[in-house]
Amino acid sequence: MSMSSHPIAPAHVQAIAPYQAGKPIEELAREFGLDPARIIKLASNENPLGCSERVREALREAVGDLHGRYPDANGFDLKAVIAARHEVPAQWVTLGNGSNDLLELASLAFLDDGTSAVYAQHAFVVYRLATQARGARHVMVPARDYGHDLEAMAEAIVDDTRLVFIANPNNPTGTHNPADRIEAFLERVRVRHGERVVVLLDEAYDDYLDPAERFDSAQWVRRYPNLIVTRTLSKAYGLAALRVGYALAQTDVTDLLNRVRQPFNVNALAQLAARVALADQDFLRRTYEINRAGREQLSRAFTKLGLEFVPSHANFVLVRVGDAARVNRALLERGVIVRSVDGDGLPEHLRVSVGLPEENDRFVQALTEILVA
Ligand SMILES: *Cc1c(COP(=O)(O)O)cnc(C)c1O
């Protein structure tokens with residue numbers, strides 16, 4: 001991707017390094033002359049089961065009835081489902097075109113060029129992008145054991161800080177901070193900074209946590225007026241293609257997010273699919289089980305190969321392979337797409353999404369060939 005800049009763009013826009021998405025299967029097929037049917041993609045933390053059959057059925061039917069009208073700008077039906085699920089008022093729910101949209105909305109609502117946002121090293125890259133796009137200062141706090149160092153992040157908050165981003169579990173490292181530590185952080189921010197700082201807790205991978213690790217974070221939203229919790233339908237619910245996420249926050253913060261939201265940011269089919277997906281708990285259970293088994297499968301294989309990896313709480317594993325650029329290239333030649341994390345400051349690692357058992361096997365075979373050869 002070209003890094004050249006255009007002189008009429010502001011300096012803070014020119015400074016942005018574009019987001020690098022996982023390589024699509026068709027692109028690799030074109031580049032290497034491979035059969036797309038033989039390529040496996042374990043690069044974007046998508047659900048290897050696809051999406052719920054009930055969602056497909058609902059969409060087939062909806063396409064037949066498609067009309068020319070705009071979607072519901074207030075997402076009434078979907079918000080009702082989400083509000084009931086988390087036992088909060090529907091007025092506390094904001095819908096997003098993916099949860100990425102909500103990260104952008106938070107940056108639009110709270111940041112400008114006289115302010116700063118705090119996030120962790122090796123955290124989700126969009127926190128930096130959304131901050132830079134507003135011309136705000138971004139403050140990256142060094143990671144501890146690949147995870148968020150919440151004490152250091154609390155210390156990094158200064159007078160002009162308006163927003164703190166926390167990913168729990170984090171992407172691309174898969175680390176997780178237990179509920180008591182998150183709560184201690186929220187309390188500390190409240191005591192020291194009152195309502196001057198907004199905390200955005202990004203729970204994109206919450207559904208992959210062991211039941212014992214899960215916490216109903218809506219409880220925190222009730223207690224902390226400056227907290228935004230975000231969730232996505234892209235990962236465990238398999239709706240990455242449709243783009244739906246949501247935020248929970250009290251009324252004042254939600255009101256600000258809505259002022260900067262495009263009125264029709266979530267399309268009609270996505271709203272419908274999300275409602276149906278949230279109701280299919282059976283699909284969610286299967287997703288959880290297949291992910292847990294696949295994560296074990298990958299972890300065992302890495303141990304056998306003598307590779308260091310970060311124990312994951314999500315649907316991917318960060319593994320240290322040494323010369324990651326070389327290994328990544330050799331995997332691509334074998335039709336296996338994983339994710340480079342060089343741009344996240346991890347040049348010796350690769351991030352592998354958990355796939356179906358046979359996909360995990362093919363990845364492990366390819367990796368073994370490359371490393372043992
Ligand atoms: C994937 C991801 C998201 C956003 O995904 P959307 O598809 O935009 O909902 C947000 N945060 C983290 C940490 C992610 O990994």
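The table below lists the values:
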item: Where His349, His6, His313 fall by accessible area, highest first, once all protein chains stay in place (1.4 Å); result: His6, His313, His349
item: Sulfur and carbon atoms: percent of accessible area, the range 1-111 [1.4 Å]; result: 54 percent
item: Within-12-Å neighbourhood charge of Asp252 [Cβ basis; K, R +1; D, E -1]; result: -1
item: Net charge dipole size for the range 22-102 [Lys, Arg +1 and Asp, Glu -1 on Cβ; Debye, nearest 20]; result: 80 debye
item: Cross-link partners of Lys23 among lysines (Cα-Cα below 22 Å; sequence separation of 8 or more within a chain); result: Lys41, Lys235
item: Charge tally in the Cβ shell below 14 Å around Leu346, where Lys, Arg are +1 and Asp, Glu are -1, Leu346 excluded; result: -3
item: Whole-Hz ³J(HN,Hα) from phi, Karplus 6.51 cos²θ - 1.76 cosθ + 1.60, for the range 8-21, glycine and proline x; result: 7, 6, x, 4, 6, 7, 4, 6, 6, 8, x, 4, 9, 7
item: Residue-count net charge about Arg261 - beta-carbon cut-off 11 Å; Lys, Arg +1, Asp, Glu -1; result: -2
item: Cα centre as origin, Lys/Arg/Asp/Glu Cβ charges: the range 96-179 dipole, Debye; result: 160 debye
item: Average Cα contact separation per residue, the chain, under 8 Å, 6 or more apart, as relative contact order %; result: 23 percent
item: Accessible-area value, Asp216, 1.4 Å probe, nucleic acids and ligands omitted, Å²; result: 60 Å²
item: Approximate spin-label separation Tyr19-Ala373, in nm, with each point projected 7 Å along Cα-to-Cβ; result: 3.4 nm
item: Signed unit charges on C-beta, dipole axis of the chain, positive-most listed residue Ala218, Ala9, Val139; result: Ala9
item: Highest-MSF residue in the chain out of Phe302, Phe76, Phe185 [GNM, Cα springs under 10 Å]; result: Phe76
item: About the Cα centre, charge dipole magnitude for the chain (Lys/Arg +1, Asp/Glu -1 at Cβ), debye; result: 220 debye
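The values are calculated or read from the model by the stated rules, or taken from the named source; none is laboratory data. Quick caveat: nothing in here was measured; it's all calculated off a predicted structure. With ideal geometry, Cβ positions are generated from the backbone for all residues, glycine too; neighbour counts draw on all protein chains shown. These area figures cover heavy atoms from the full protein model, side chains too; ligands, DNA and RNA do not enter into them. Shrake-Rupley method; radii C 1.70, N 1.55, O 1.52, S 1.80 Å.
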